[in-house]
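First comes the structure, then the notes that go with it.
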Amino acid sequence: MACETDLRPGGGFLAQLVDPNDNQLPAEPGCYVEIVPDRKLVWTCALGPGYRPRNPASTPWFFTAVLTFDPHGNGGCRYTATAIPTSREPAEGHERRGLSQGWGIVLAQLVEYGKNTPMG
């Protein structure tokens, strides 16, 4: 997977995903909608960089993602990832493509990173 990011509201991102058969999935830039340092990250593929609306025909699975990081316990946080599809069809497509499994893998990697990264 390749990734480009401009982490600021209105900034763009591009994540080139690859399915289990090594096929690249269609990818076009999305847009960060809201960023609250250490607390919340919201992005969507329904908008391009600069909040420009995207053509729904360009990608068959528009969705918005909301990640929250809420203080929890002694220096930890509760991580919540919410994917909001435009309809049932993209949600089912995400399941067929294994994206739910991918979210779990990302969470496991995030936990491992947190355990092994000194806090400054």
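The values are calculated or read from the model by the stated rules, or taken from the named source; none is laboratory data. Since the structure is predicted, the reported quantities are computational estimates derived from the model, not experimental observations. No Cβ is skipped: glycine too gets one built from the backbone with ideal geometry, and neighbour counts run over all protein chains shown.
The residues in the stretch 6-41 that are free of Cβ contacts under 8 Å to residues at least 12 places away in the same chain and not charged (D, E, K, R) can be counted, and the count is 5. Summed over the stretch 1-49, the residues that are of a type in the set (Asp, Glu) and in contact with a Lys or Arg (Cβ under 9 Å, 6 or more places away or on another chain) give a count of 3.
Please find, within the stretch 24-37, the residue that is modelled with the highest pLDDT out of those that are loosely packed, with under 13 Cβ neighbours inside 10 Å and under 19 Å from Trp103 (Cα atoms). Outline the logic, then answer.
Pass one, the stretch 24-37, residues loosely packed, with under 13 Cβ neighbours inside 10 Å: 24, 26, 28, 34, 36-37.
When the remaining residues are screened for being under 19 Å from Trp103 (Cα atoms), the result is 24, 26.
Details: Gln24: 82, Pro26: 70.
Result: Gln24.
Could you check Gly11 against (1) at pLDDT below 90; (2) surrounded by 16 or more Cβ atoms within 10 Å (Cβ to Cβ) and say which number it fails? Only one criterion in (1) at pLDDT below 90; (2) surrounded by 16 or more Cβ atoms within 10 Å (Cβ to Cβ) is unmet by Gly11, namely (1). Of the residues making up the stretch 75-97, those that are charged (D, E, K, R) and either modelled with pLDDT of 75 or more or surrounded by 14 or more Cβ atoms within 10 Å (Cβ to Cβ) (or both) are Arg78, Arg97.
Every listed requirement among (1) out of contact with any Asp or Glu (no Cβ under 7 Å at 6 or more places or on another chain); (2) not in a strand (DSSP E or B) is met by Pro9 save one, (1). Based on what the data block shows, is Tyr51 in contact (Cβ under 8 Å) with a residue 24 or more places away in the chain, of a type in the set (Ser, Thr, Tyr) and under 18 Å from Arg8 (Cβ atoms)? For Tyr51, the condition - in contact (Cβ under 8 Å) with a residue 24 or more places away in the chain, of a type in the set (Ser, Thr, Tyr) and under 18 Å from Arg8 (Cβ atoms) - is met.
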